[in-house]
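Heads up: the structure comes next, in C-alpha cells.
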Amino acid sequence: MKSASIWIKAQSQKGNIMKISEIMSILTKAIPIKDSWISESYGAYNIDDMSKDVKKILYCVTATEEVVEYFKKHNYDLIISHHPFVVPVPMLVFHTALDCCKGGLNDMWAELLEVKNAKHFSRNLGWVGSIEPISYDALLEKIENFIGAKVIGVKYTNGSMISSVVICTGLGGMVFSEAERTKADCYITGELMSSHVKDSRFKGVVEVGHTLTEFIGIKLFKELLPNVQIDSAPLDIDYFAMETSIGSHTVRRKS
C-alpha cells in the first residue's frame, strides 16, 4: 500500500460538480450506518437543500474551529468529518461506520500490515490476525513510512519479534482489555487511555496518534467520488484533544 502522505498531497485537483444527494447516495451505500460500532451521529447535517451543487469537499478527522475557518477561507462547499462533532457548516459525518466498513480505516491498516486470517475482536471493530514475523523497529518504520510522520504516542517493546497484531484505529484504549484477550503480540492503535502498558501481556504497543490512524480516510472518499475535488484539512489544525495518552498532538513529518 502506498504512503498515506501521497493521498494527502494529491490535492487541488479540479473536479466536476455533484449534487449533495448524489454524494449521499454513493457514500451511505459504501459506508452504511449498519456498520457503525455504536449508535451515534451519522449522515448529513446543516444541509437544507439536497440538490445543492458541490465542487470542493474538505475531509477532516475532527472539525475543529481552525478547520471550519480553513473551510470558509478556501471556499469549500462541504465538510466530510470522521468524528461526529457537528459544526455550523454543511457536513457529512460517518465516524465508526468509516472505521468498520469494507475498505474503511481498519481495513486499510490490515492491508498495510498484510494481516492473515483476520477477524474482528470487538463486535465489528478492528482486526486481529497473524503477520510475517517482524522486529518491533521494522514494524515501527513501516508504520511511519505509511503515515508519512513520526509516531507521537507510546512506543513499547520487550524486544521480541512480532508475528501477530491487533489493530484499532482511533481511541483503542476503550477496548484495550478486549485487545489483550486476543493474545496478539502487538497492539496498534491511535490513542490509549493510559501510557502504562509494560504490565500488559503485549510484546509491543504502538500508539500512533489518534488522527494519524484516521486521516487516511480520504483515500476511500477519493475512490468513491473520483470526479469531485476532495482535499484534506492540514494536520496542524486537524487534531483530536491531546491525541495520545502522553498528551502530544504535535505531528512531525517523516523526512
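Quick note: the coordinates plus some simple rules give every number you see, no bench work behind them. This structure is a prediction, so every number in the text was calculated from the model and none was measured. For neighbour counting, all protein chains shown are included, and Cβ atoms are generated from backbone atoms with ideal geometry for every residue, glycine included.
Under 22 Å from the Cα of K155, which lysines turn up, not counting those fewer than eight places away in the same chain?
Straight-distance partners of K155: K142, K183, K198, K203, K254.
Could you order the peptides 65-73, 87-95, 176-184 from most to least packed, using the average number of other C-beta atoms within 10 Å per residue?
Numbers: 65-73: 15.3, 87-95: 20.3, 176-184: 18.1.
Ranking the peptides 65-73, 87-95, 176-184 by packing returns 87-95, 176-184, 65-73.
Cα gyration tensor of the chain, axes a ≥ b ≥ c as square roots of the eigenvalues: rounded (a/c below 1.5), prolate (a/b > b/c) or oblate? List each step's numbers first, then the result.
Numbers: a/c = 1.95, a/b = 1.76, b/c = 1.11.
Prolate, because a/c is 1.5 or more and a/b exceeds b/c.
If packing is taken as the mean number of other Cβ atoms within 10 Å per residue, what is the order of 125-138, 143-156, 160-173, highest first?
Details: 125-138: 17.9, 143-156: 20.1, 160-173: 22.6.
Packing proxy ranking, top to bottom: 160-173, 143-156, 125-138.
Show me the ranking of peptides 77-86, 23-32 by mean Cβ neighbours inside 10 Å, starting with the highest.
Packing order, densest peptide first, comes out as 77-86, 23-32.
Report, in degrees rounded to the nearest 10, the 0 to 90 angle that the Cα long axis of helix 136-147 makes with the longest principal axis of the chain.
In the chain, helix 136-147 runs at an angle near 0 degrees to the longest axis.
Which order results if W109, W37 are arranged by neighbouring Cβ count within 10 Å, fewest first?
Working: W109 25, W37 20.
Placing the least packed residue first, the sequence is W37, W109.
Okay, helix-only estimate at 222 nm for the chain: each DSSP H run of n ≥ 4 adds -39500 (n - 2.57), divide by all residues, round to 500 deg cm²/dmol; what do you get? Display every interim value, and only then the final one.
Numbers: 8 runs with 66 residues, N = 255.
Taken over the chain, the calculation gives -7000 deg cm²/dmol.
If you average the sequence gap of Cα pairs under 8 Å that are 6 or more apart and divide by the length of the chain, what percent do you get for the contact order?
So the answer I get is 23 percent.
Going by a ≥ b ≥ c, the root eigenvalues of the Cα gyration tensor, does region 105-212 fall in the rounded group (a/c under 1.5), the prolate group (a/b larger than b/c) or the oblate group? Each step should come with its number before you reach the end.
On the way: a/c = 1.09, a/b = 1.04, b/c = 1.05.
The shape class here is rounded.
If you stretched the chain out fully between N46 and E141, how much longer would it get, using 0.36 nm times the residue separation minus the C-alpha to C-alpha distance?
Stretched fully, the N46-E141 segment lengthens by 30.1 nm.
Shape verdict for region 71-149, please, from the Cα gyration tensor: rounded (a/c under 1.5), prolate (a/b greater than b/c) or oblate.
On the way: a/c = 3.71, a/b = 1.79, b/c = 2.08.
It comes out oblate by the Cα gyration axes.
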